[in-house]
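Encoded as structure tokens, the structure appears first; notes follow it.
The values are calculated or read from the model by the stated rules, or taken from the named source; none is laboratory data. As the structure is a prediction and not an experimental result, all values here were calculated from the model. Ideal geometry is used to build each Cβ from the backbone, glycine not excepted, and the neighbour counts take in all protein chains shown.
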Amino acid sequence: MPFIGAGTRAVSCGKIEEHPERTPPLFEIIFLGTSASAPSPKRNLPAYLVQHDEYRFLVDCGEGTQRQILQSGIGFKRLNRILITHGHLDHILGLGGLLSTFMRWESIDQLEIYGGASALERISDLVHSVVLRGARPPMPISLIPVKPGVIFDAADFSVSAFPVNHRGPDCYGYLFEEKGRQPFLAEKAEALGIPPGPLRGRLVKGESVTLEDGSIITPQMVTGEFRPGARLAAIGDLGETDSLVDLLHGVDGLVIESTYLEEEREMAKQFSHLTARQAAAFASQIGAGKLMLTHLSRRYRDKDVLAEALAVFENSSVARDFDTFTIKRED
């Protein structure tokens, strides 16, 4: 996979990389809860944080997430965007406690909660009828219904929602995608006689420039090969993966559930969940870079879940609470 640099500026379909020597951008995943349905002594209910530069997204918010945030040391700063995969209680009940904490001693300018319509209806009841009960919220709270497609767009990356099949309507996964980059090659600029300063700056912005001798220099004359950005698929509960093969082909990171082992495949099908083998087979099918299994049942040992996945896909990990992974493009 191609290497990606940082320090970029927009141009056409991607970016021109002004400072390729800087640390490459990446997505960081911090697991806060990795249990399925009910907590265990070592696993809290579903939640994980995705970070990219200064941006932070909480994916799901199971009961007790606020304590996990404190224990992890990541803090509440800039924790103002929450992506809900679906409206089952084990994925949303922590919103009540988190909002209650914000009301008492945390300062956040605004809170955005993204999710399907049915999930947001349930969350609205939780927030307004149970937590606030007529009180004024401590910050503006926006419940944002998602549809398939881009739901958040920043200078260097975007987040898209895509439907998944689980029990009930409006279940979604989220795809984090860095925008592609082209390295600005200083040696080419030197060879063409382009001095450091405003002319190079315009080229980095994607503009053509004219030199004193009348030569016209285009951005393509001083840039390297286009390098696609890293892609991370963040998925909650689901019962089938065939509909996602084309969309998620070649993702660098895949967070996905693994509620059952293959010996209980029929039960997994009944409740619209996956086995560890099914999740690993999907990772192999789409050529994923890294597989991170979560949403584990208390009935299984970690080593058995991992063994089943590794037999199919070698770059598999079973996530534990407070595990951290980084996803980036490599050479």
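Tabulated data for the structure shown
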read-out	value
Count of the stretch 50-80 residues which are out of contact with any Pro (no Cβ under 8 Å at 6 or more places or on another chain), surrounded by fewer than 21 Cβ atoms within 10 Å (Cβ to Cβ) and not polar (S, T, N, Q)	12
Positions within the stretch 122-138 being surrounded by fewer than 15 Cβ atoms within 10 Å (Cβ to Cβ) and either in contact with a strand residue (DSSP E or B) (Cβ under 7 Å, 6 or more places away or on another chain) or part of a helix (DSSP H, G or I) (or both), in sequence order	124, 125, 129, 130
Search result, residues across the stretch 261-272 that are in contact (Cβ under 8 Å) with a residue 40 or more places away in the chain and either not hydroxyl-bearing (Ser, Thr, Tyr) or not in a loop (DSSP other than H, G, I, E, B) (or both)	261, 262, 271
Filter pass, residue 272 being buried (at least 16 other Cβ atoms within 10 Å of the Cβ), hydroxyl-bearing (Ser, Thr, Tyr) and on the phi > 0 side of the Ramachandran plot	yes
First in the stretch 291-313 and within 13 Å of residue 281 (Cα to Cα) and part of a loop (DSSP other than H, G, I, E, B), second anywhere and modelled with pLDDT of 95 or more and hydroxyl-bearing (Ser, Thr, Tyr), Cβ under 9 Å, 6 or more apart	312/284; 313/284
Conditions (1) over 13 Å from residue 92 (Cα atoms); (2) in contact (Cβ under 8 Å) with a residue 24 or more places away in the chain; number of the one not met by residue 127	(1)
Lone qualifier among 233, 280 - being in a strand (DSSP E or B) and within 21 Å of the chain's Cα centre (by Cα)	233
Hits in the stretch 90-114 (condition: hydrophobic (A, V, I, L, M, F, W, C) and farther than 14 Å from residue 130 by Cα)	102, 105, 108, 111, 113
Single residue of the stretch 93-119 satisfying the filter (under 22 Å from residue 162 (Cα atoms) and over 20 Å from the mean Cα position of the chain (by Cα)) that is surrounded by the fewest Cβ atoms within 10 Å (Cβ to Cβ)	117
